[in-house]
């Protein structure tokens, strides 16, 4: 199976061939590197930009105004904080200009912790991004979702930010990308650039097929009836793992909702699950003060206060200035497996 | 004042027959009398519209005012010379909020500027959402004006890239003030428009009025000429008297010709006035001691016999009547409704499960 980052690369190739992508660009995005995470290796429209995140977003907007379909990369979301007002402008162009101009840009950027990235390679961005009206924000946790959401991001005529969980970029999916070869090694030989000199290398792309995942549709990663867990990104597979263990250990079963879209989020799926279980835990790794998960908690309380059996809760990253390099820091800054499992057990077993 | 010469076309045509051509300054550039009359009328209309919107800001018919009195000469010349149209075959305009003369020169009715000031639902540029002078018009490639200064300098190389790819001679114009050049986005524009082998046709206009709100440029900037910043990137440029429509006309013509033919950037630093201060926040009172491009131009036109005093008066009267009629019309038009608040947030999308159409409030 393809890794998440291979899925992104194949989606971008599909976008170039079938969806009108004109430019894939950013710092180190073009040859020879093809992206620090390899997401853009071998793509025919990929090019290297100056080291200027504001210029990257602005140029993408310009390309889009003039009829292009750009996919711009911010190398790490941690480098994107200086773009925040241009992101805001991108989100308001259609509204501010009375519908005169659409803004069909895709910005992709790795987000979250889990790569021992220290202070400036471990940030999460979804809570910041959720405060950018006019944008759509997605965050796939599997390779197939990354493929399908990237295709949708490309064809959506609005600005779409694709947050890629740093920790999951090398994780293989459990489902095939439509058209990918059976053998992982064959795929690697086809589309991964060789280490070292790659000046004469060209990719051999598989015959990929369309697979669109609608923006705003969650994925039910596990189905259950005891409690609801809402998550996305790096903590999502940990929630799934914990759900599987707790089923064995306690007989408790969980709806584990992979939100996939931060905005618009799939309120119908969340609401239906909370109505069913009366117990809800929201897990993400962004810092906990004015965290996007708190908004979901507000919606849950507004709509389901009298449906809840126990207090709803969140498990979030600590409100600290950064994530320290020593793993003692990281392990105690953002949700890890043990803490997630403990929180899920607590929400499932608290007496109603 | 200008070093240029204004020669009425009729006189120029007869010059060889022995008519003494009226000379102003020492330059060798000429504009036809017809063009000068056209520019004068546009400048006056822009001024009158701005002054009307200033009054609206004080009478309660509008709120905040910001605009371009003092930039009419340069901006009218710009509007008459860009290639107007939709898409990359035509010029893109990333304007600042002092470009109303450019819009009038492109053909905007005064009514549309007044509609924006009056915050009407009929305001075609922002549906009553944005400050005056914040234009947006797809059919003319006028990209939405941003209150945040200089951000549009990051976007200009993008449209210009598409124009260069297309072929043809489309140019992207980006206009900012002198104070805004302190933003990193100005440097971004210089760098991105001169990527080796990927140079793009951006005309970078710096409307230099020597002010950033209340701060004089000389107190916070050491550079003598802003265009010199372009030299490090190989960007040619010139400083022009933006209060002189003839000098401005030809400087813009040279700049656009360079961009259209070389497909590379060019920088124009236009020395302009700021005749009503920064905005209504600073009172929007007429300042003294700065050149008024209209008064100056009228003196020339009168001295050369291109216009007579009654004709000048008639131009002003016509503009005043147009503004009055525009205001009267705008005030009869509907306000935005509460239902309009979310309108135009999203374009229709076939891949959005929640908002296949426009935004409709929180996901339900």
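The values are calculated or read from the model by the stated rules, or taken from the named source; none is laboratory data. All figures in this text were calculated on a predicted structure; none of them were measured in a lab. As a convention, Cβ positions derive from the backbone with ideal geometry for all residues, glycine included, and neighbour counts pool all protein chains shown.
Computed quantities for the displayed model
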{"item": "Residues (over 16 Å from the mean Cα position of the chain (by Cα) and within 30 Å of residue B:200 (Cβ to Cβ)) located in the stretch B:264-294", "result": "B:264, B:265, B:266"}
{"item": "Any hit, the stretch B:267-280, residues being assigned to a helix (DSSP H, G or I) and closer than 22 Å to residue B:64 by Cβ", "result": "yes"}
{"item": "Given (1) closer than 17 Å to residue A:41 by Cβ; (2) surrounded by 24 or more Cβ atoms within 10 Å (Cβ to Cβ), number of the condition residue A:158 does not satisfy", "result": "(1)"}
{"item": "Pairs, first on the phi > 0 side of the Ramachandran plot in the stretch A:32-58, second buried (at least 21 other Cβ atoms within 10 Å of the Cβ) and at pLDDT 95 or above, C-beta under 6 Å, six or more apart", "result": "A:34/A:40; A:34/A:41; A:35/A:29; A:38/A:5"}
{"item": "Test: residue in the stretch A:184-206 that is more than 25 Å from residue A:115 (Cβ to Cβ) and either within 13 Å of chain B (Cβ to nearest Cβ) or in a strand (DSSP E or B) (or both)", "result": "no"}
{"item": "Matching option when the condition is under 16 Å from residue B:271 (Cβ atoms), buried (at least 23 other Cβ atoms within 10 Å of the Cβ) and either at pLDDT 95 or above or in contact with a helix residue (DSSP H, G or I) (Cβ under 6 Å, 6 or more places away or on another chain) (or both), among B:200, B:205", "result": "B:205"}
{"item": "Scan of the stretch A:75-89 for residues that are under 10 Å from residue A:57 (Cα atoms), in a helix (DSSP H, G or I) and in contact with a strand residue (DSSP E or B) (Cβ under 9 Å, 6 or more places away or on another chain), ordered by number", "result": "A:83, A:87"}
{"item": "Residue A:71 being modelled with pLDDT of 95 or more, in a strand (DSSP E or B), surrounded by 21 or more Cβ atoms within 10 Å (Cβ to Cβ) and more than 8 Å from chain B (Cβ to nearest Cβ)", "result": "yes"}
{"item": "Those residues of the stretch B:338-351 which are farther than 23 Å from residue A:151 by Cα and either surrounded by 13 or more Cβ atoms within 10 Å (Cβ to Cβ) or within 14 Å of chain A (Cβ to nearest Cβ) (or both), in sequence order", "result": "B:340, B:341, B:342, B:343, B:344"}
{"item": "Options B:214, B:248, B:280, B:222; residue that is modelled with pLDDT under 95, surrounded by 22 or more Cβ atoms within 10 Å (Cβ to Cβ) and farther than 30 Å from residue A:48 by Cα", "result": "B:280"}
{"item": "Which listed residue, of A:57, A:86, is within 19 Å of the chain's Cα centre (by Cα), within 14 Å of chain B (Cβ to nearest Cβ), surrounded by 22 or more Cβ atoms within 10 Å (Cβ to Cβ) and closer than 16 Å to residue B:144 by Cβ", "result": "A:57"}
{"item": "Filter result (under 18 Å from the mean Cα position of the chain (by Cα), outside any helix (DSSP H, G or I) and either under 24 Å from residue B:197 (Cα atoms) or facing chain A (nearest Cβ under 7 Å) (or both)) within the stretch B:135-169", "result": "B:136, B:137, B:143, B:144, B:146, B:148, B:155"}
{"item": "Residues being at the interface with chain B (Cβ under 7 Å from one of its Cβ atoms) and within 26 Å of the chain's Cα centre (by Cα) - total across the stretch A:94-110", "result": "3"}
{"item": "Where residue A:51 falls short, out of the listed (1) within 13 Å of another protein chain (Cβ to nearest Cβ); (2) touching a helix residue (DSSP H, G or I) at 6+ places or on another chain (Cβ under 7 Å); (3) assigned to a loop (DSSP other than H, G, I, E, B)", "result": "(2)"}
{"item": "Count - residues of the stretch A:147-171 that are over 23 Å from residue A:316 (Cα atoms) and either more than 14 Å from chain B (Cβ to nearest Cβ) or in contact with a helix residue (DSSP H, G or I) (Cβ under 6 Å, 6 or more places away or on another chain) (or both)", "result": "7"}
{"item": "Candidates B:176, B:180 - the one that is closer than 30 Å to residue B:36 by Cβ, within 14 Å of another protein chain (Cβ to nearest Cβ), in contact with a strand residue (DSSP E or B) (Cβ under 9 Å, 6 or more places away or on another chain) and surrounded by 19 or more Cβ atoms within 10 Å (Cβ to Cβ)", "result": "B:176"}
{"item": "Candidates B:321, B:331, B:327, filtered to the one that is in contact with a helix residue (DSSP H, G or I) (Cβ under 6 Å, 6 or more places away or on another chain), more than 14 Å from chain A (Cβ to nearest Cβ), modelled with pLDDT of 95 or more and over 21 Å from residue A:105 (Cβ atoms)", "result": "B:327"}
{"item": "Hits in the stretch A:14-30 (condition: touching a helix residue (DSSP H, G or I) at 6+ places or on another chain (Cβ under 8 Å) and outside any loop (DSSP other than H, G, I, E, B))", "result": "A:14, A:15, A:23, A:24, A:25, A:26"}
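Conditions (1) surrounded by fewer than 24 Cβ atoms within 10 Å (Cβ to Cβ); (2) in a helix (DSSP H, G or I); (3) at pLDDT below 95, marked per residue:
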residue	(1), (2), (3)
A:224	yes, no, no
A:239	no, yes, no
A:242	no, yes, no
A:265	no, no, no
A:284	no, no, no
